[in-house]
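Data block below; observations after.
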Amino acid sequence: KFNQPVSAIEVLINNIDDIPRAAEYAQKVNNPEVWSKIANAYLDRSQITEAIDSYIKAKDHTMYLQVISAAEIDGKFDQLIKYLLMARENIKDAQIDNALVFAYAKTEKITDLENFISNSNSVDYQRVGDRCYDEKHYEAAKLLFTATKNNAKIASCLVRLKQFQQAIDAAKKANTPKTWKELTMACVEAAEFKLAAVAGLNIIIHPDHLEELAQYYEEFGYSNEMISLLETGMGLDRAHVGIFTELGVLLAKYRPERLMEHCKQYYSKMNISKLLRVCERYQHWSEAVFLHSNYDQYDNAINIMIEHSPVAFNHDQFVNLLIKASNYDLYYKAILFYLDEQPEQVNELLRSLTTKIDLSKCVSVMRKTGYIALITPFLKSVQNANNKEVNEILNEIYLESFDYENLRQSITTYENFDQLTLAQNCERHTLLEFRRISAYLYRRIQKYEFSIALSKQDNIYRDAIETAQESGKVELVEDLLKFFVQKGEKEFITVTLYTCYELIRPDLAMEYAWRFNLFEFIMPYFIQITKELTSRVDTVQKKHEKREKEEEKKANQQLNQGMFMPTHDILPTALMIGPPPGSMPGMNMPPMGGMPPMGGMPPMGGIPPMGGMPPMGGMPPMGGMGGFGTNPFGPQ
């Protein structure tokens, strides 16, 4: 291929495939087209340095995209800079400028980069800057972001360059949560806690980033610094629930001695449910009880106190919470808990629950434990409710403890219990006073025979006499009297006659007096009954006399009413029927018989005198006292 260098180089490259010989030939002919051919051959064979040198000699920029890609892959940035500077002389393209800036960054030619940026160019600063940042060329990236005034990215670059103060200034200009968070984390990683605190105050006010920041501090073991940051943040105007809650979480993990104080001061500003989970995880039971009680979860607080009593129990707090509990079964669970761990305070607990608990169920629960006597003071305090179970268990306690005085007072005051059962239990007691109580109970339930028999057995004769008198049964009284006669209890015969006076037949008393020579002891009874009989006779006589007088008075009143009754009322028919002619003087009427003369009228005859009274003028006597023999106002 004489005088045909391009064809000749193609033969050497494509047909002979002898690149060194082709390079010698290109050097010999020094033709731009030949250099381009050999450059392409080098590029195809990834001989980037030789390819770039050949392109430069050929001043061929046409393959710049392939050259840029290959050089960057092979890391030939110094050679690439030369090529791109040559290419810029022939063409203005953003991709060339971008690659050139990146190559300056990769080769750390910051001065050249600054000079290039200061002149006219078509660089995509944001894109190349991000690429430099990703490749950790932070100085170059900072220059590029500065050109675009991307303060957030500038701050990030400054953080990576450990220029923290300048980074804070840039972050203030950017003022984005992401920037502040990145800056804070970088400062934490570099142990620049003062600067981290400055930056952190701008991120903790954002709830979405707070927990992540706290975890980052913890990963590096800087929990105290995070606690200090949050304590400072509580005073910010934009302080929120998350700050108080996260501080509580950190205190629970690393400073538990301060947790309770924090809870008491800021429980109303915290996410209690979140902090509760942490407290339970790290077994801060006292704090968990406090939080539950202020979260209206009284039942949970009580259960924690019961389950973790060595560290969580407080009597006053427990009682206050129990009163507010919604689950009534907790009352009885608490009673059993107190029996196991706080027996000396169980009565105080029960008194506080007096209006809450079912007394019958309480007695049932305590009876099963076998320690029912322990709550005797409480049972006494509620006995005025007259609950059957309370009365019965107290009576049992008194019986078992030989306390007959309290038992007597209990059964006398409160009658709502199984009196027959208690009477039977007391009947077999070794103490006399309990057997007296048994007799009293038999009497109260009207089993008088049992009561009297028990009193007779124990020689409590006065009780037997009172029972017999109360029964009102003659046969019981007479049997008791017979018993005293047979036993020779003369004084009690007198007492019986006096007490049961109305239930004893006098003939029986007289018989005993005569048969057993008991006149001296029965005489008071005879005197009394004689006096009573005399009084009764006198009373009857007085009543009879009084009744006779009343009847006589009534008869006289009726007679007087008949004598002076008006004529038109007595004889209406006589007034209505006229008299026969000529029957009276001057009026042709005869005089009326039985009437005293009225104004010139002749005297009336035929009316007998009233008992014991002298006859009225011209009237014949009736002959002694009598009733109305005939009707004085009858027809003549």
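Key figures for this structure:
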read-out: Glu225 being at pLDDT 95 or above, more than 24 Å from Trp285 (Cα to Cα) and not small (Gly, Ala, Ser); value: yes
read-out: Contacts under 8 angstrom Cβ, first residue in region 529-550 being assigned by TED's automatic domain parsing to the domain that holds Thr494 and at pLDDT 90 or above, partner of a type in the set (Val, Ile, Thr) and part of a helix (DSSP H, G or I), 6 or more apart; value: none
read-out: Contacts under 6 angstrom Cβ, first residue in region 40-54 being within 15 Å of Leu65 (Cα to Cα), partner among the basic types (Lys, Arg), 6 or more apart; value: Ile48/Lys76
read-out: Residue in region 445-466 that is surrounded by the fewest Cβ atoms within 10 Å (Cβ to Cβ), counting only those that are among the polar types (S, T, N, Q) and assigned to a helix (DSSP H, G or I); value: Gln457
read-out: Residue within region 346-353 that is free of Cβ contacts under 8 Å to residues at least 12 places away in the same chain, under 19 Å from the mean Cα position of the chain (by Cα) and on the phi < 0 side of the Ramachandran plot present; value: no
read-out: Boolean, Ala252 is under 19 Å from Ala196 (Cβ atoms) and surrounded by 15 or more Cβ atoms within 10 Å (Cβ to Cβ); value: no
read-out: Within region 275-296, considering residues that are free of Cβ contacts under 8 Å to residues at least 24 places away in the same chain and buried (at least 19 other Cβ atoms within 10 Å of the Cβ), the one farthest from the chain's Cα centre (by Cα); value: Leu276
read-out: Residue within region 452-461 that is within 19 Å of Glu405 (Cα to Cα), out of contact with any Phe, Trp or Tyr (no Cβ under 8 Å at 6 or more places or on another chain) and not assigned by TED's automatic domain parsing to the domain that holds Phe526 present; value: yes
read-out: Whichever residue in region 211-249 is farther than 17 Å from Ala190 by Cβ and small (Gly, Ala, Ser) and, among such residues, is surrounded by the fewest Cβ atoms within 10 Å (Cβ to Cβ); value: Gly235
read-out: Criterion (modelled with pLDDT under 95 and touching a Cys at 6+ places or on another chain (Cβ under 9 Å)) met by exactly one of Ala186, Ala199; value: Ala199
read-out: Condition met for Phe378 (in contact with a Cys (Cβ under 6 Å, 6 or more places away or on another chain) and part of a helix (DSSP H, G or I)); value: no
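This table checks each residue for (1) under 26 Å from Ala140 (Cα atoms); (2) assigned to a helix (DSSP H, G or I).
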| position | (1), (2) |
| --- | --- |
| Glu33 | no, yes |
| Ile38 | no, yes |
| Leu43 | no, yes |
| Thr49 | yes, yes |
| Ile52 | yes, yes |
| Asp60 | no, no |
| Ile68 | yes, yes |
| Lys82 | yes, yes |
| Lys92 | yes, no |
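The values are calculated or read from the model by the stated rules, or taken from the named source; none is laboratory data. What you see is a predicted model, and the numbers here were worked out from it, not measured in a lab. All Cβ positions, glycine included, derive from the backbone under ideal geometry; neighbour counts span all protein chains shown.
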